[in-house]
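Asker: Before I ask anything, here is the structure I am working with.
The values are calculated or read from the model by the stated rules, or taken from the named source; none is laboratory data. Since the model is a prediction, treat every value here as computed from it, not as a measurement. With ideal geometry, Cβ positions are generated from the backbone for all residues, glycine too; neighbour counts draw on all protein chains shown. These accessible areas exclude ligands, DNA and RNA; they are computed on the full protein's heavy atoms, side chains included. Shrake-Rupley method; radii C 1.70, N 1.55, O 1.52, S 1.80 Å.
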Amino acid sequence: APSPLVQVRQCVARANSFEVALPTNDAARDIAPAIRTIANSRTNGFKSRRADFDDLFYQSFRSAASPNGQYAGQNPIEIGNGVKMKSIAVDLNQGSVMYTGRKTDLAVNGDGFFVVGDVNSNVKKYTRDGSFDLSADFKLATTAGDYVQGWNINRTTGKINTTGGVEPIRIDLNSVSNPIETTMARIQGNLNATEKVGKVVGTQIPTYDSLGTRIDIEMNFVKTGEMPNKFVYMATPTDNFISSPSIDDITFLPSLGVAGSIQKGQYDISVAAGAVAGTVDITVTDPSGAVLLTKNIADTDQKVVLDDGTNEWFAIEYKAGSVGTTASFEVAEVGTIEFNSTGKISTMTGSGVGGLPQLNFTSKATGALISVNVEIDELTGLATENSVQMTETDGFPAAILKNYDIGQGGIVNGYYSDGSVQQIAQLAVATFSNAAGLQAQGQNYFVESSNSGFANITTSVQGNAGQIIGQSLENSNVDIAKELTELMFYQKAYTANSKTIQVSNEVLNVAINLIR
């Protein structure tokens, strides 16, 4: 039978250890590898442990013998001696996820670990404990002072590259973001196939120049034909109007007639003295240099609609007393779309690749040309309501980061002073081919071992990685009822086995008394 000391070690290890004061003798140190599962039942993300045992060795008193035709065979007689701890198994099953409402609390639902480490991301550790804080240097950190790793937005491109190396998550509150000049936008939705010819459907595209100045583009679709359905689109940066002392404001008036003759480029609106005293002539010249229209009006402050006799083009605010001046208005793009009988685009004409729209206009703030490729190839022409809208753009203004949250998937959203919201970072998740082989480091940390395999660092829900849940924490997966039940069981087992000491003592006393 195992010795009493071995029984003590087995009992305490299998009970997974309460925090108890132990004597400091050598025998007590043999018991020291107890697993503190019950003590960590309220530790965030803690995974329970189980001690497994092997028998140590056997003393053979008789070997096995096979049947010989005359006598039956015999089993071996072996007396077991000792017990040893074989392993400590880690239970990696999911703990319950508890909502906390704290924006830096995170949990992994499924496989994987948060990646933490030093400021240079050279030393990496892994944890399931997502109770993080924002440090004094505006980086997401653990309570032990390690930085939470992931990917930050590239300030030049405005993109988050999750294929590159990880770095500490940076949330620079009150910092000024670098503006990103718009180069791309996407418009999706439907143009109603049952609309009458001449119907105008519009949407707006916010764009930004290199200084972060916002320039809104009005994108208007005018229905010009039926069976098949045809539309002319025109993009006009109305905020980019260059005024003059006599023309203070302008509004473009899209219509079926205008759609038939509008051109891409700059329209000049000049004011000259009229043939009749007290009047002026307002002349609009199209991008080709041809005169589009001339309108004679009284030289007094007034609102004027400029028309060519058939179609109204612009509504302006006229200011008297400044003849010889010129304002300008840009049309960034003009093109056509035709839908087939299934509501799909059959043909497109535009300045961009494949007939897509390419908007070209000049920023008033910088004087530089801006070019924006607009993807409209997913538009449909079905017999249902109009739903055209911009769904994506890569431009971003200069603004101050005022607040943040960490949403599903570990995406950090930044809230800026201009009301815009942008993804500024994304947390990483690490998975392992043998997570049970990780080496525990204390403070709820693990590190790679020779049997865990290398960390596969990826984003939430990619591959085997679980989903990061915001404003939540994962509880310990310790089953208190089970642990206390086993504790009582092994306590009774130890009490029973300790009787062997008394029995052995009594047997020895009887043997000694035989020769007295």
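Asker: Whose amide H sits under 5 Å from the amide H of residue 384, counting only residues 5 or more places off or on another chain, with H placed in the peptide plane?
Answerer: For residue 384, the qualifying residues are 193, 194.
Asker: Using the structure shown, select from 125/492; 199/344; 199/364 the pairs with a Cα to Cα distance greater than 29 angstrom.
Answerer: Over 29 Å apart, Cα to Cα: 125/492; 199/364.
Asker: Further question: Listed highest first by mean packing, meaning other Cβ atoms within 10 Å per residue, what order do 361-368, 425-432, 463-470 come in?
Answerer: 425-432, 463-470, 361-368
Asker: Next question. May I ask which of 84/482; 196/303; 84/499 have a Cα-Cα span longer than 27 Å here?
Answerer: The answer is 196/303.
Asker: Still on this structure, please answer the following. Give the angle, between 0 and 90 degrees and rounded to the nearest 10, that separates the Cα long axis of helix 4-14 from the longest principal axis of the Cα atoms of the chain.
Answerer: It is inclined by approximately 20 degrees.
Asker: Relative contact order for the chain using alpha-carbon pairs under 8 Å, separation at least 6, rounded to a whole percent?
Answerer: So the answer I get is 21 percent.
Asker: So, one more: Short version: ³J(HN,Hα) in whole Hz for each residue of the range 317-331, in order, from phi by Karplus 6.51 cos²θ - 1.76 cosθ + 1.60 (θ = phi - 60°), x for Gly and Pro, what are they?
Answerer: Using θ = phi - 60°, the values come out as 9, 9, 10, 6, x, 9, 6, x, 10, 9, 9, 9, 9, 9, 10 Hz.
Asker: Report the Cα centroid-to-centroid distance between the range 236-274 and the range 389-455 in angstrom, as an integer.
Answerer: Value for the Cα centre distance between the two parts: 47 Å.
Asker: Which whole-number percent gives the relative contact order of the range 49-96, counting Cα pairs below 8 Å spaced six or more residues apart?
Answerer: 50 percent
Asker: Give the cross-link partners of residue 47 among the aspartates and glutamates, using a straight C-alpha distance below 16 Å as the criterion and excluding same-chain residues fewer than 8 apart.
Answerer: 91, 111, 129, 474, 479, 483
Asker: Against the longest principal axis of the chain, how steep is helix 480-513, in degrees 0 to 90 to the nearest 10, with axes from Cα atoms?
Answerer: 20 degrees
Asker: Can you give me the long-range amide H partners of residue 107? Hydrogens built in the peptide plane at 1.01 Å from N, cutoff under 5 Å, separation of 5 or more residues or another chain.
Answerer: 469, 472
Asker: Enter the accessible area per residue of the chain (Å², integer; probe 1.4 Å; all protein chains in place).
Answerer: Result: 50 Å² of accessible area for each residue.
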